[in-house]
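Written out below as structure tokens is the structure these notes cover.
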Amino acid sequence: MSLAPLTGLDYVQREGRWADLERLRSGNPMYDATIEEIKGRRIRVGDHWLADFASCNYLGFDLEPEIMDAIAPEVARWGTHPSWSRLLGNPALYPQIEERLTALLDAPDTLVLPTITHIHMSVLPILAGNGFIFLDSQAHKTIYDGSMYARGLGATVQRFRTGDVEHLRELLRTVPAGVPKIVAMDGVNSMTGNAPDLVSFAAAAREYGALLYVDDAHGFGVIGERGPNETSPYGLKGNAIVKYCGETYDNIVLVGGFSKSYSSLLAFLALPTWLKNHLKVSAPPYLYSGPAPTASLATVLAGFDVNEKRGDAIRTDLYRKSMKVLDHVRALGIFTPNTGTTPVIELPLAEGEDIDAVGKLLWERGIYVTLAAYPLVPRHEVGFRAQVTAANTDEEIDELNAVISELAAAGKLRKQ
């Protein structure tokens, strides 16, 4: 008996909640675009040039000649990809990176792994075991996914309200002493651009014997330790939220990545040495995954050099450009959840406005942004996110502000 051929719907359940995203993917030029050329922060899709505000290369290291020039010598030495798992063998670039990263973060120790997603999916289950994960309700989707995987392996996951330390305390005090407890949350939030009150959350975690697990993917490289000689409110060195908040690493594991500010494929944990050694024999990315390409390792090391020499000047310029957009948005009376100064600027749409139409207008005006559609964000948060980088020119910033003014005048953006 012959069988009828399967169709997509026979073996993939297409949930209705993806309909808006399917519509954007198939019909909006902002989605699934093929970028054919770049000139600085200008990108070309087909014959259409746009100012790029969808990049997360906050420091502009992706375009730094000194960093690009560091690739060829290391590829000549190591080949394009030294493909041992880290358990078997580490190119000398790895320990060099960890040594310099540990010094930059002023951390007890560091461990680098391929991506933050790898870290959340492998390390969170190891830390939690059969204990508890208390998950920030607005934590990044990759932290949520790692928590759900940990739950499948025996952990209990409970969510606490974002920014609500007392709610977290209520949950923590229900767990008996001696049971593993992890508090998992973002540093600088990838959508709002805001940083949590890390001091208060760290105090609550320590009071109840919990480990505070913080993903600062968007803060590392941008914010850092405060000091009297700082040249912007971002602080110094770009050494992430723990130092920015004047905290210690006691009961804190910091997760970060080089794929944003350092424009390289690599991620890390700042952690005690005993935990680093334990993860070397228990974390699948260390045991099984291929390493990052040589080019990424080389650009991380070169990025440390550039950061040391002129990183604070770059951050000062990034702050100025970010505030040029934020001040403009606030002067228009337009709502953004960014209440601070970071370069992550989300602009939710007014009720009833169509993200597809807004995206096409931005495209026509030559502005490329991140469209935040449902279900990537809740329906009331649908809008777009502009990420300012040090490589954006003032002319591009002016173009972005002009389009924001146009959208605001047309009633397309949510008011304060």
Taking the condition of being in a loop (DSSP other than H, G, I, E, B), over 18 Å from R41 (Cβ atoms) and open to solvent by less than 10 Å² (accessible area, probe 1.4 Å), how many residues in the stretch 341-374 meet it?
1
Test A410 against the criterion of being touching a helix residue (DSSP H, G or I) at 6+ places or on another chain (Cβ under 9 Å) and open to solvent by 40 Å² or more (accessible area, probe 1.4 Å), and give yes or no.
yes
Could you please find all residues in the stretch 219-231 being open to solvent by 10 Å² or more (accessible area, probe 1.4 Å) and part of a loop (DSSP other than H, G, I, E, B)?
R226, G227, P228, N229, E230, T231
Is there any pair linking a residue in the stretch 319-337 that is among the polar types (S, T, N, Q) to one that is buried (at least 17 other Cβ atoms within 10 Å of the Cβ) and in a helix (DSSP H, G or I), with Cβ under 6 Å and at least six apart or on different chains, and which?
T336/V329
Could you say which residue among L21, L3 is of a type in the set (A, V, I, L, M, F, W, C), within 15 Å of L376 (Cα to Cα) and modelled with pLDDT under 85?
L21
Of the residues L93, L87, L135, L105, only one is hydrophobic (A, V, I, L, M, F, W, C) and modelled with pLDDT under 95; which?
L87
Looking at Y286, Y249, Y262, which is the one that is among the aromatic types (F, W, Y), closer than 30 Å to G79 by Cα and in a loop (DSSP other than H, G, I, E, B)?
Y262
If I ask for residues that are open to solvent by 80 Å² or more (accessible area, probe 1.4 Å) and part of a helix (DSSP H, G or I), which ones from the stretch 66-77 would you list?
M68, A76, R77
Some residue of the stretch 35-42 being in contact with a helix residue (DSSP H, G or I) (Cβ under 7 Å, 6 or more places away or on another chain), in a helix (DSSP H, G or I) and of a type in the set (K, R)
no
In the set F160, F132, the lone residue that is open to solvent by 30 Å² or more (accessible area, probe 1.4 Å) and touching a residue at least 24 places away in the same chain (Cβ under 8 Å) is F132
Looking only at residues that are in contact (Cβ under 8 Å) with a residue 24 or more places away in the chain and more than 16 Å from A139 (Cβ to Cβ) in the stretch 163-177, which one is most open to solvent (accessible area, probe 1.4 Å)?
R173
Looking at the stretch 58-77, I want the residues that are closer than 16 Å to K321 by Cβ and have a partner that is charged (D, E, K, R) with Cβ atoms under 7 Å, at least 6 apart or on another chain. Which pairs are those?
Y58/K260
Of the residues in the stretch 135-157, those that are aliphatic (A, V, I, L, M), without any contact (Cβ under 8 Å) to a residue 60 or more places away in the chain and crowded, with 22+ Cβ neighbours inside 10 Å come to L135, A150
Give the residues of the stretch 44-71 that are within 30 Å of I223 (Cα to Cα) and more than 22 Å from the chain's Cα centre (by Cα), sorted by residue number.
L50, P65, E66, M68, D69, A70, I71
Please find, within the stretch 44-56, the residue that is most open to solvent (accessible area, probe 1.4 Å) out of those that are farther than 19 Å from A402 by Cα and assigned to a strand (DSSP E or B).
R44
Can you name every residue in the stretch 243-274 that is aromatic (F, W, Y) and crowded, with 24+ Cβ neighbours inside 10 Å?
Y244, F258, Y262, F268
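Rundown of residues vs (1) in contact with a Ser or Thr (Cβ under 7 Å, 6 or more places away or on another chain); (2) touching a residue at least 24 places away in the same chain (Cβ under 8 Å), yes/no style:
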site	(1), (2)
N277	no, no
P285	yes, yes
Y288	yes, yes
T299	yes, yes
R310	no, no
D317	no, yes
Before we move on, is D327 at pLDDT below 95, within 25 Å of V377 (Cβ to Cβ) and either over 20 Å from the mean Cα position of the chain (by Cα) or not basic (K, R) (or both)?
no
Please state which one of S322, S282, S296, S289 is touching a helix residue (DSSP H, G or I) at 6+ places or on another chain (Cβ under 8 Å) and at pLDDT 95 or above.
S282
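The values are calculated or read from the model by the stated rules, or taken from the named source; none is laboratory data. Quantities reported herein were computed from a predicted structural model and do not represent experimental measurements. When we count neighbours, we look across all protein chains shown, and the Cβ atoms used for this are built from the backbone with ideal geometry, even at glycine. Calculation scope for accessible area: heavy atoms of the full protein, side chains included, ligands and nucleic acids excluded. Shrake-Rupley method; radii C 1.70, N 1.55, O 1.52, S 1.80 Å.
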